[in-house]
1. Of the residues that make up the stretch 594-604, is at least one crowded, with 21+ Cβ neighbours inside 10 Å and among the acidic types (D, E)?
2. I'd like the full set of residues that are modelled with pLDDT of 95 or more and touching a strand residue (DSSP E or B) at 6+ places or on another chain (Cβ under 8 Å), limited to the stretch 1-51.
3. Select, from A106, A112, A126, the only residue that is among the aliphatic types (A, V, I, L, M) and surrounded by 20 or more Cβ atoms within 10 Å (Cβ to Cβ).
4. Within the stretch 187-209, track down each residue that is more than 23 Å from T344 (Cα to Cα) and either β-branched (V, I, T) or open to solvent by less than 20 Å² (accessible area, probe 1.4 Å) (or both).
5. Check the stretch 581-590 and report whether any residue there is under 21 Å from V525 (Cβ atoms), open to solvent by 10 Å² or more (accessible area, probe 1.4 Å) and in a loop (DSSP other than H, G, I, E, B).
6. List the pairs whose first member sits in the stretch 464-487 and is under 11 Å from M520 (Cβ atoms) and touching a residue at least 24 places away in the same chain (Cβ under 8 Å), whose second member is open to solvent by 10 Å² or more (accessible area, probe 1.4 Å) and of a type in the set (V, I, T), and whose Cβ atoms are under 7 Å apart, counting only residues at least 6 apart or on separate chains?
7. Please verify whether the stretch 160-174 includes one or more residues that are buried (at least 22 other Cβ atoms within 10 Å of the Cβ) and of a type outside the set (S, T, N, Q).
8. Of the residues V519, V561, V525, which is of a type outside the set (S, T, N, Q), surrounded by 17 or more Cβ atoms within 10 Å (Cβ to Cβ), on the phi < 0 side of the Ramachandran plot and in a loop (DSSP other than H, G, I, E, B)?
Amino acid sequence: MKTNIGFFYMWLAVWLAVSCSQEKSTELKVLQLNVWVNTSRVADGEQGLVDVIDRTDADVVLLCELYSGENETPLTQKVIEALGKRGKTYFGDGRNLPVGILSKYALEDVSAFLPTAECYRPVVKAHITVNGRTVAVYSTHLDHQNYAPYLTRGYGSVTWTKMDAPVTDPDSILVANRIAWRDETIRGFIRDARSETAKGHPVIVGGDFNEPSHLDWQADTKDMREHRGAIVPWDVSQMLAQAGYTDVWRQLFPNAVTHPGFTWPAGNGAAKLNELFAAPEADERDRIDFIYYYPQPGVELSDACIVGPAASVEHGKIVPDRTDDPILTPDAVWPSDHKGNLATFRIAPEPAAAKPRVERKPTFAFLTDVHLNRANDRNRYSGFKHALDRVKRTGVEFLVFGGDLVDINMGYQLSRAEADSMYTAFRQAVEQTELPFYSVIGNHDRYFDAENGCTGGDEVFKSHLGGYSYCTFERHGVRFFILNSVQRTAGGDLCIGAEQLEWLRRELVHVPLATPIVVMQHVPVYSLYYPAVEMKFSPWDVVCNFREELDVFREHNLKLVLQGHQHIHEEILLQDVQYITGGAVSANWWNGSFHGTEEGFLLVHVDGTGDFNWEYVDCGWLPAPEQ
């Protein structure tokens with residue numbers, strides 16, 4: 001028989017490479033499970049939990065619904081002792097919280113945190129060392145209230161009672177979904193895990209999320225499982241995906257039709273049937289329990305399966321799962337109304353540090369308080385052109401002007417022709433840069449002339465600068481909002497008006513919660529300079545309804561607020577949101593520096609992950625001497 005020697009050696013080389021790779025890797029099996037009120041709802045449930053951990057031989061176990069009393073031995077400790085009698089050694093996190101971690105590896109740096117002050121659902125975190133490498137593992141259980149998947153099934157998301165008709169509009173479903181604290185918890189996890197991923201540590205998180213995945217509610221499933229045509233971009237899964245995390249199940253089984261991966265309600269024959277479901281006339285089946293991981297070099301997902309009974313609850317009855325899902329069924333009592341996830345990873349030693357790639361980050365400039373006027377005193381038009389030349393040399397992609405572009409100052413002393421001429425000069429100077437630009441309206445940009453229909457103060461501004469005084473746009477995955485912060489209350493204070501706030505709420509419904517948001521407005525949301533340094537405060541130093549404005553963004557990923565008005569460069573970091581007062585192009589109204597801030601602008605870099613860095617750039621302008 002003739003042998004192809006070249007093919008043989010090629011095959012041998014591949015086999016050796018794979019074998020060596022596998023020898024260097026260590027297998028890590030992770031089990032995730034909701035244990036249904038401390039396994040108390042099923043007779044012999046505690047023994048059933050011990051059996052499933054023993055059978056899967058999981059290296060790490062992520063548990064939730066652990067509800068042991070203060071004077072009661074924690075369930076995790078009892079499970080550890082029972083497994084020890086079977087010759088298996090596990091360590092526990094020792095926290096006695098509703099979520100917990102068991103591990104064959106010693107748990108190091110164990111901690112727990114509440115993602116927000118209002119959120120009662122903790123997250124437990126620990127480090128383990130696998131193959132000489134630090135792995136961060138997190139166990140969580142997201143808020144069970146406001147369960148919005150019920151809406152398409154004709155049940156209330158709050159009351160879980162039958163409604164007159166299903167709700168199938170995705171926007172309405174998301175509004176109901178966002179009342180829960182699920183997104184806040186996941187945002188807190190992502191924020192905490194950022195330091196781990198930055199060090200190259202593998203990160204694994206698992207739990208009962210009480211929310212489906214957007215990957216399971218797309219076009220291919222819209223007419224199945226009583227989705228009733230709804231394609232829903234569920235928030236938590238999108239937030240994790242955008243942060244770079246991989247859904248274990250959907251990586252290996254991308255087809256949500258053939259491999260739905262149902263985890264709830266589990267068809268547990270050992271439980272009381274009426275305790276397994278909440279919507280007896282609906283198809284409640286969904287995948288709401290997950291394991292996610294952050295891909296790093298040397299981390300490979302090799303296998304995954306569902307663990308639990310090969311049956312689910314549909315329309316109040318236990319029915320066998322007619323799917324292609326791989327399911328590991330228990331030999332003994334199943335302790336839960338959920339099914340669990342079992343994932344197998346291969347962890348290789350940490351690779352040698354690669355030379356970091358230097359990537360050019362998208363950049364824009366924020367220029368505020370230009371204050372062009374009709375007299376052109378202090379040669380301010382030349383100063384503005386000098387600033388624009390300086391900006392263009394930085395290579396920015398676009399410009400944003402933060403208000404007080406011209407000195408109309410409500411227009412009581414100006415004709416409409418004079419106002420038009422100043423706006424024309426401003427626009428022509430900017431257009432010479434050949435860069436896209438957006439404009440924020442400031443208090444000095446308003447023109448009031450009731451006889452000619454200028455009653456809102458923004459009519460002339462809009463006629464020259466794009467036809468808007470507030471708008472939204474998206475670049476590089478970041479959603480930008482330009483707001484009009486110089487609308488007025490009945491008492492004359494500066495505010496974000498009610499109509500504008502309602503527009504903002506409508507727009508935000510369409511913005512995924514993971515999307516980073518930048519707000520740009522003239523009058524600050526927060527500013528401490530004058531109260532802290534000069535011991536004075538004016539009602540015009542911040543918008544009077546800043547609390548109401550910020551509440552609109554509460555559910556969303558607000559990262560950065562750029563503001564003007566004060567002519568000083570100021571930075572405030574509060575609750576993970578950066579507020580930057582951008583100095584002034586005119587500094588001291590073209591009379592030199594103002595309280596240490598020179599004529600300049602803010603240069604902002606976007607890194608693609610929702611993080612930003614910035615620098616204040618001195619234009620190097622020298623004001624003309626007084627004549």
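The values are calculated or read from the model by the stated rules, or taken from the named source; none is laboratory data. Everything numeric here is computed off the predicted structure, so don't read it as measured data. Don't worry about glycine lacking a Cβ; one is built from the backbone with ideal geometry, like all the others, and counts go over all protein chains shown. Quick note on the areas: whole protein, heavy atoms, side chains included, nothing else; ligands and nucleic acids left out. Shrake-Rupley method; radii C 1.70, N 1.55, O 1.52, S 1.80 Å.
1. Yes, there is a match, as at least one residue in the stretch 594-604 is crowded, with 21+ Cβ neighbours inside 10 Å and among the acidic types (D, E).
2. Once the filter is applied, which keeps residues that are modelled with pLDDT of 95 or more and touching a strand residue (DSSP E or B) at 6+ places or on another chain (Cβ under 8 Å), the stretch 1-51 yields T26, E27, L28, K29, V30, L31, Q32, L33, N34, V35, L49.
3. After ruling out the rest, the residue left standing is A126.
4. G188
5. no
6. Filtered contacts from the stretch 464-487: F480/T472; F481/T472.
7. Among the residues of the stretch 160-174, at least one is buried (at least 22 other Cβ atoms within 10 Å of the Cβ) and of a type outside the set (S, T, N, Q), which makes the answer yes.
8. Result of the check over V519, V561, V525: V525.
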